[in-house]
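Worksheet: the structure to be examined is printed underneath.
Please treat every number below as a calculation from the coordinates, not as lab data. As the structure is a computational prediction, the values presented were derived from the model and not from experiment. We place every Cβ from the backbone using ideal geometry, glycine too, and count neighbours over all the protein chains shown.
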Amino acid sequence: MIKIKGLYFDSKLKYSENISKPVPGAGEALIEIKLASVCNTDLEIIKGYKSFQGILGHEFVGIVREAETENLKGKRVVGDINIGCNQCSMCYKGLPNHCTNRKILGMSDKNGAFADYITLPEKNLYIVPDNVTDYEAVLAEPLAAALQIPELCHIKPTDKVVVLGDGKLGYLITQVLANTACDLKVVGKHSNKLKRFERYSKVALINDLEEAACYDMVVDSTGNEQGLKLAQKLVKPRGTIVLKSTYSSVAAFNPSDWVVNEINIVGSRCGPLDGALRLLAKKYIDVENILDNPCSLKHYKAVLFSKQDSKPVFDLTKDSV
């Protein structure tokens with residue numbers, strides 16, 4: 001049995017070079033991972049979110065090494081992280097992302113991309129255009145998640161919209177929403193990070209924010225329960241709160257205001273990868289300085305558990321076994 005390296009989580013995160021190389025099943029491809037980016041959800045899983053055991057990671061770009069479809073072999077790909085059962089009512093409705101029996105790459109019943117190899121159904125894969133770099137392609141999954149917001153919610157140019165969170169996802173969301181011509185603002189904790197948002201929106205430090213109940217839409221991409229509490233204060237009656245955050249803690253709040261003010265609460269998750277790749281190919285999305293310089297899996301402790309506000313990406317071509 002061929003062994004590969006990876007980051008395995010079983011109540012604690014461990015680096016191992018003794019993981020069995022995955023074997024693709026019927027309709028699956030074997031993908032050699034090149035880059036894998038760390039999502040806030042990965043960090044929340046380490047804290048206990050979803051009670052997952054296995055290899056973490058779901059933002060990746062890799063090369064297909066084995067496939068039933070010949071023209072996939074050797075192609076650079078990204079992939080949809082949701083694996084439907086193809087038998088339940090949601091799958092029949094064309095909604096495999098909400099399959100009642102779904103597996104989720106690096107999150108639920110499916111080993112993820114913080115390893116040399118993964119397997120995914122061929123239908124989940126999207127070929128990366130030649131003019132899209134690996135560095136850009138590894139952001140296709142979070143960019144697709146940003147694109148899911150206008151997919152679910154109609155945003156008018158006259159709408160007043162605020163994005164909470166100045167991290168990687170918040171930056172991608174801001175660029176997507178800026179194209180709706182809405183009156184856009186980003187609220188964050190870091191003045192140095194907010195500077196890059198100024199090209200696309202107004203900005204404000206959270207401690208300087210004095211507005212209340214004046215936004216048609218509030219998008220929470222903070223990654224913690226405080227974002228939802230702030231969103232509740234900022235959204236106006238009959239407005240919409242879009243939740244992009246997943247976290248291990250339990251948010252305690254009184255939802256009475258949602259009832260009284262007839263607030264729409266919209267959960268928003270994965271989005272269209274094909275659309276994300278088109279935007280990246282056309283260079284419509286700025287990815288400069290979103291991610292830190294790639295490091296090897298062996299150095300995971302230095303980046304995942306650092307007190308610095310890092311945006312790590314793993315280069316699986318380093319320290320190959």
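Here are the numbers for the structure shown:
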| read-out | value |
| --- | --- |
| Cut-off 12 Å between beta-carbons: net charge of the residues surrounding K160, Lys and Arg +1, Asp and Glu -1 | 0 |
| Pair A212, K14: separation of 7 Å Cα→Cβ label points (nm) | 5.1 nm |
| Formal net charge of residues neighbouring N124 (Cβ-Cβ distance under 13 Å; K, R +1; D, E -1) | -1 |
| Length-normalised contact order of region 19-63 in % [C-alpha pairs under 8 Å, at least 6 apart] | 49 percent |
| Proximal charge balance of D220 [Cβ under 10 Å; K/R count +1, D/E count -1] | +1 |
| Gap separating the Cα centres of region 16-84 and region 203-232, nearest whole Å | 34 Å |
| Relative contact order [Cα under 8 Å, 6+ residues apart], the chain, whole percent | 18 percent |
| Estimated distance in nm for a label pair at K21 and R269, the labels positioned 7 Å out from Cα along Cα-to-Cβ | 3.3 nm |
| Members of K73/K244; K202/K244; K5/K311; K50/K283; K34/K311 lying beyond 27 Å, as alpha-carbon distances in this model show | K73/K244; K50/K283 |
| Length gained when the stretch K318-N261 is fully extended (0.36 nm per residue, less Cα-Cα span) | 15.2 nm |
| Where N is the number of residues in region 176-321, Cα Rg divided by 2.2 N^0.38 Å | 1.24 |
| Potential extension, N254-K50 segment - 0.36 nm per residue separation minus Cα distance | 71.0 nm |
| Theoretical ellipticity at 222 nm over the chain - DSSP helices of four or more residues, -39500 (n - 2.57) apiece, nearest 500 | -6000 deg cm²/dmol |
| Cα-projected label distance for E288 with S108, points at 7 Å along beta-carbon direction, nm | 3.9 nm |
| Model label zone, A204; criterion: amide N under 13 Å from point 7 Å along Cα-to-beta-carbon; scope region 155-179 | 160-165 |
| Sparse-neighbour loop sites [trypsin sites (Lys or Arg not before Pro); region 81-131; at most 11 other C-beta within 10 Å; DSSP] | K93 |
| Antiparallel DSSP beta bridges within the chain, percent to nearest 5 | 60 percent |
| Dipole magnitude (debye, nearest 20) for the chain, charges at Cβ of Lys, Arg, Asp, Glu | 300 debye |
| Globularity index of the chain, i.e. its alpha-carbon radius of gyration over 2.2 N^0.38 Å | 1.00 |
